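Contents: one structure, followed by commentary.
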Amino acid sequence: MQALRPPATRLGQMLAFATLMGACGIAAADAERLEADLRALFGGGGSLSLGEVSSGMLRSRTTAEEIVFETEEGERLLIDRYIVSGDYDAPDEVTLEGFRIEDSLTELTLMSAERIVMGEPSRAVFPLHAGLDPEEVRLGSLAIDGIVLELASELAGELFPDTPLQRGQGRMTIERVRGESLTHDAIGMLEITGVAGAAEDLDEIGSGSFTLASLRLEELTGLDTEGEETLASLLLRDLDVEASELVGSLALLDVDGDFDDGKGGVRLEGLHLDLARMIELAPEEERTQLRMASNVLTDGSGELRLDAAFLGSWQEKGEHSVLVSDSQVDVQDALRLLFDINLPVRLPPGITPADAFADTDWLERATLLGGDMRLNLADKGLFARLATLGAAMEGVTEAQYVEQARTQAQGLGMMFGPEAQAVLLGLVELLEGSAEELEVRVKLPAESTVNSYQTDPLGGAEKLNIKVETR
């Protein structure tokens, strides 16, 4: 005779069965909600067809397959799979696989993405026509792979407003996009890598191709208010452009806009402009003048190479602060410019160092407590070529051209004072080759204001201790 099961065992089986039935009920409900939300998403006109919509019982995942939506304007949106993972009301992820937007008349794919993953979205489906409050749209993270975009589409114009791409015609591909903390008014981080494209009619750039290794933005805020946007950092690497109006590359652009840590600025490395190629593509009647300018800048190579840095820091010194700036521009085979500032400042009430860097209008209300500035201009071939070009255009010898420049400098100096005259005569020495560097050092009085120098430039200059040296 078969032994009876213990009551506890039968109770456990009943509880497991009830749990399974409950899970089935929740899964079925989630599938119904996903289908209803997708129909609401595309409920603004057009036709929608859905394949199978299902939920897994063991894995908390709800999937809709073969979504096809055709708009009344003739565009078609297709999604192979729409997957909601985790609690439907607070998903861990929402994944779109095989995302495509097509022109149903021409069958041209306007945009496609292999995979879109939204991490920790505020909703499983964001309705387009339900008047959703922008503050309700939030993503913890974003990952998009394999993007292809037709630049002539209206969608591209919306994605790239106020850029040359807005009205371009061509195709762009992006290997991947990664983002963090995305809301209607702020982006915690956004990184785009592996960009390549070929396009026509890119405004001033013309027609051609471009590649970009990566672009990363951090802490972009104020997106909902025009003019209030702030950016903590931007890092661009390896941009190459070969177009009818621009041929060049940029190795690095590094913008540190977060001055809360007391420092920031802009670095630009490896800017290369192929002026010779650009001149060949220019209208014939403009080429002679352009070649003259190119020869002066590049010593005939036709390749302009430039590095620059504009860096600043802020130091607290008890009751006042010190602004330190270190800027440098280096044009290969042409010139090097250095500009250093050491400026003790008493800030207006309520102004922080970060505010001071963000808006220089504070200078008009600040008190300058002395300090010094240094400007150093080093000739690396530019001034000799300027003298040669100037003499040729005037139809005189280089010596005569330099003497004309000296006479003009002396005349202007009589109008604007001995300090201005010393700077102008120093530039003449660079022209004639008797000096390679011009340095101007300025010491400010113990206490002054920027406004005093603006309202009376000549009188303000008399208060400064200015030394001009050439070597």
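The values are calculated or read from the model by the stated rules, or taken from the named source; none is laboratory data. Keep in mind that what you see is a predicted model, and the values were worked out from it rather than measured. Because the Cβ atoms are built from the backbone with ideal geometry, glycine has one as well, and the counts that use them run over all protein chains shown. Calculation scope for accessible area: heavy atoms of the full protein, side chains included, ligands and nucleic acids excluded. Shrake-Rupley method; radii C 1.70, N 1.55, O 1.52, S 1.80 Å.
Could you state the orientation-averaged shadow area of the convex hull built on the Cα atoms of the range 407-460, in nm² to one decimal?
Its Cα hull, projected and averaged over all orientations, spans 4.5 nm².
Please report, in debye to the nearest 20, how large the charge dipole of the range 314-471 is about its Cα centre when each Lys and Arg carries +1 at its beta carbon and each Asp and Glu carries -1 there.
220
Please give the direction-averaged projected area of the C-alpha convex hull for the range 344-413, in square nanometres with one decimal.
8.1
Could you size up the charge dipole of the chain around its Cα centre, putting +1 on the beta carbon of Lys and Arg and -1 on that of Asp and Glu, and report it in debye to the nearest 20?
1320
Dipole magnitude of the range 58-118 about its Cα centre, charges +1 at Lys/Arg Cβ and -1 at Asp/Glu Cβ only, in debye to the nearest 20?
Charge dipole, the range 58-118, about its Cα centre: 320 debye, nearest 20.
Hey, what do the phi angles of the range 406-421 turn into as Karplus ³J(HN,Hα) couplings, whole Hz, using 6.51/-1.76/1.60 and θ = phi - 60°, x for Gly and Pro?
With the stated coefficients, the range 406-421 comes to 5, 4, 5, 5, 5, x, 5, x, 5, 7, 10, x, x, 5, 5, 5 Hz.
What are the semi-axes of the equivalent ellipsoid for the range 238-361, taken as the square roots of 5 times the Cα gyration tensor eigenvalues, largest first, in whole Å?
Ellipsoid semi-axes (Å, largest first): 40, 15, 12.
To the nearest 10 square angstrom, how much accessible area does residue 320 have with a 1.4 angstrom probe?
60
Run through the range 306-401 and list the GluC sites (Glu not before Pro) located in a DSSP loop whose Cβ has at most 13 other Cβ atoms within 10 Å.
Passing sites in the range 306-401 are 319.
Under the rule of -39500 (n - 2.57) per DSSP H run of 4 or more residues, summed and divided by the residues of the chain, what mean residue ellipticity at 222 nm is obtained, to the nearest 500 deg cm²/dmol?
Helix contribution divided over all residues of the chain: -8500 deg cm²/dmol.
Probe radius 1.4 Å, ligands and nucleic acids left out: which of 365, 441, 385, 100 has the largest accessible area, and how do the rest follow?
365, 441, 100, 385
Taking Cα atoms, how many degrees apart are the long axis of helix 7-41 and the longest axis of the chain, rounded to 10 and kept between 0 and 90?
50
Per residue Cα convex hull volume for the chain, in cubic angstrom? Please report the intermediate quantities before stating the final value.
On the way: hull volume 112.8 nm³, N = 471.
Here the figure is 240 Å³ per residue.
Taking Rh as the Kirkwood radius, which is the inverse of the mean 1/r over Cα pairs, what is the Rg/Rh value for the range 182-232?
Ratio value, two decimals: 1.12.
Using alpha-carbon pairs under 8 Å, 6+ residues apart, how would you state the relative contact order of the range 207-323 in percent? Don't jump to the answer; show the numbers that get you there.
Details: 229 pairs, mean separation 22.8, N = 117.
Relative contact order comes out at 20 percent.
Which number comes out as Rg/Rh for the range 192-284 once both Rg and the Kirkwood Rh are worked out on C-alpha atoms?
Radius of gyration relative to Kirkwood radius: 1.07.
By the gyration tensor of its Cα atoms, with a ≥ b ≥ c the square roots of the eigenvalues, what is the shape of the range 43-104: rounded for a/c under 1.5, prolate for a/b over b/c, or oblate?
prolate
Suppose all protein chains stay in the model; what accessible area per residue would a 1.4 Å probe give for the chain, in Å²? Present the calculation step by step, with values, prior to reporting the outcome.
Values: 26360 Å² over 471 residues.
Ligands and nucleic acids excluded, the figure is 56 Å² per residue.
Picking from 371, 451, 327, whose Cα lies most toward the positive end of the charge dipole for the chain (charges on Cβ: Lys, Arg +1; Asp, Glu -1)?
Of the options given, the answer is 371.
Using only the C-alpha atoms of the range 307-426, find the volume of their convex hull and express it per residue in Å³. Walk me through the numbers on the way to the answer.
Working: hull volume 16.8 nm³, N = 120.
Per-residue hull volume (Cα only) is 140 Å³.
List, largest first, the extents of the alpha carbons of the range 289-373 along their principal axes, each in whole Å.
54, 19, 18
Put 380, 263 in order of accessible area, largest first, 1.4 Å probe: what do you get?
263, 380
Determine the relative contact order of the chain: mean sequence separation of Cα pairs under 8 Å and six or more apart, normalised by residue count, in whole percent.
For the chain, the relative contact order is 6 percent.
Would you check the accessible area of residue 183, probe 1.4 Å, heavy atoms only, in square angstrom rounded to 10?
Residue 183 exposes around 60 Å² with every protein chain in place.
In the chain, with Lys and Arg counted as +1 and Asp and Glu as -1 at Cβ, which of these residues, 195, 309, 289, has the Cα nearest the positive end of the dipole, that is, farthest along it?
The listed residue farthest towards the positive side: 309.
Could you check how much of the accessible area of the chain is carbon and sulfur, as a whole percent, using a 1.4 Å probe?
Of all accessible area on the chain, carbon and sulfur atoms account for 53 percent.
I'd like the per residue volume of the convex hull spanned by the Cα atoms of the range 125-268, given in cubic angstrom.
131
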